[in-house]
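Undergrad: Below: one structure in structure tokens.
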Amino acid sequence: MILEMVRANGAVSLRELARVVQTSEVTVRRDVRALEAEGLLDRRHGGAVLPGGFSREPGYPQKTHLAAAEKSAIADLAAGLVEEGDAVVVGAGTTTQELARRLARVPGLTVVTNSLLVAQALAHANRVEVVMTGGTLRGSNYALVGSGAEQSLAGLRVSKAFVSGSGLTAERGLSTTNMLSASVDRALVQAATEVIVLADHTKLGSDTMFQTVPTEAITRLVTDEQSAAQDPTARELDALADCGVQISLAPLGTPAEPTVHSGGPAHPMTPHQAPPAGGPRRTAPPGTPLPGQRRPGHAALMAPPAGHRPALSRP
């Protein structure tokens, strides 16, 4: 059943495999390891892909079912980084498509995109202006690529770029499996003051053929809370934070309190919570990261409370 799911979708997360086969992620991970030893699939942090996945890209129908809950949570958090009147660029991908659906509610927004799916999600937003690049349509992900797309982005300047990809590592940054897509993504991020990468836990630690955004050019990573719950991806988050990337964890569901990652016992407080009874009031020093934001050298990772908008400032 695991092989059938991977062959049908191109890539599947361990969480989804465990749900379908009705067993624990520990058991699924063991089975995936055994299947990899036989050369039937390749393991990735948090999931499994077809053999040769380094250069293989699943199609759009397969991507929509991969880590769907995580992409939705990431989009919810990322939408809070956009303010009324902003001008942003949004790249192609199923996660950015989810983001676009939420951006339809931001008045006075201008969105530049090479994605037909992003444009479609914003088509009926009365107070959002959509600007599309030129280029040649790439049918597998409904994106415009090629020199026409890149030339239309020349001279453009916006506040933020939201991009996704096929893999993300601290060593190499964001990467994708297609050369044309990588080239347009590079043009998109060059137009922005701040670069925000949207990547779920299945992409962390994966490295694919073409680099799109080097680590030092990434302002912020928005990922799901499972990234901090698994050793390989948690280590990748540590390395990214050490490189100066701000980390925001999107909670799955609506947890009662912010999620805390590693570092032993913790007592996180939101700005609206009173200090513990009998304890001193704690005042954060200037430059302390907001909930949901991570800075180099800090082990704690917290997801922001509902409605909170983290500040976009480099650590």
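The values are calculated or read from the model by the stated rules, or taken from the named source; none is laboratory data. Being a predicted model, the structure only gives us computed values, none of them experimental. Cβ: placed from backbone, ideal geometry, glycine included. Neighbour counts: every protein chain shown.
Undergrad: Take segment 211-242 and flag every residue that is acidic (Asp, Glu) and more than 25 Å from residue 186 (Cα to Cα).
TA: If the condition is that a residue be acidic (Asp, Glu) and more than 25 Å from residue 186 (Cα to Cα), then 225, 231 are the ones that fit.
Residue by residue, here is whether (1) touching a residue at least 24 places away in the same chain (Cβ under 8 Å); (2) in contact with a strand residue (DSSP E or B) (Cβ under 9 Å, 6 or more places away or on another chain); (3) closer than 13 Å to residue 164 by Cα; (4) of a type in the set (Val, Ile, Thr) holds:
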| residue | (1), (2), (3), (4) |
| --- | --- |
| 78 | yes, yes, yes, no |
| 82 | yes, yes, no, yes |
| 85 | yes, yes, no, no |
| 88 | yes, yes, no, yes |
| 93 | yes, yes, yes, no |
| 104 | yes, yes, no, no |
| 108 | yes, yes, no, no |
| 118 | yes, yes, yes, yes |
| 122 | no, yes, no, no |
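Undergrad: Being within 23 Å of residue 132 (Cα to Cα) and of a type outside the set (Val, Ile, Thr) narrows it down to one residue among 172, 186; which is it?
TA: Result: 186 is the single residue among 172, 186 that is within 23 Å of residue 132 (Cα to Cα) and of a type outside the set (Val, Ile, Thr).
Undergrad: Please determine, by comparing only the residues of segment 186-206 that are of a type in the set (D, E, K, R) and closer than 23 Å to residue 73 by Cα, which one is modelled with the highest pLDDT.
TA: Per the criteria, the residue is 194.
Undergrad: For segment 216-238, what are the residues that are closer than 23 Å to residue 182 by Cα and out of contact with any helix residue (DSSP H, G or I) (no Cβ under 7 Å at 6 or more places or on another chain)?
TA: Listed by number, the residues that qualify are 216, 218, 219, 220, 236.
Undergrad: Starting from segment 13-26, keep only residues that are outside the structural domain of residue 166 (by TED's automatic domain parsing), then list their pairs with residues that are buried (at least 17 other Cβ atoms within 10 Å of the Cβ) and not in a helix (DSSP H, G or I) whose Cβ atoms are within a distance under 7 Å, requiring at least 6 positions of separation or different chains.
TA: Listed by first residue and then by second, the contacts come to 13/46; 13/47; 13/66; 13/67; 13/202; 14/46; 14/47.
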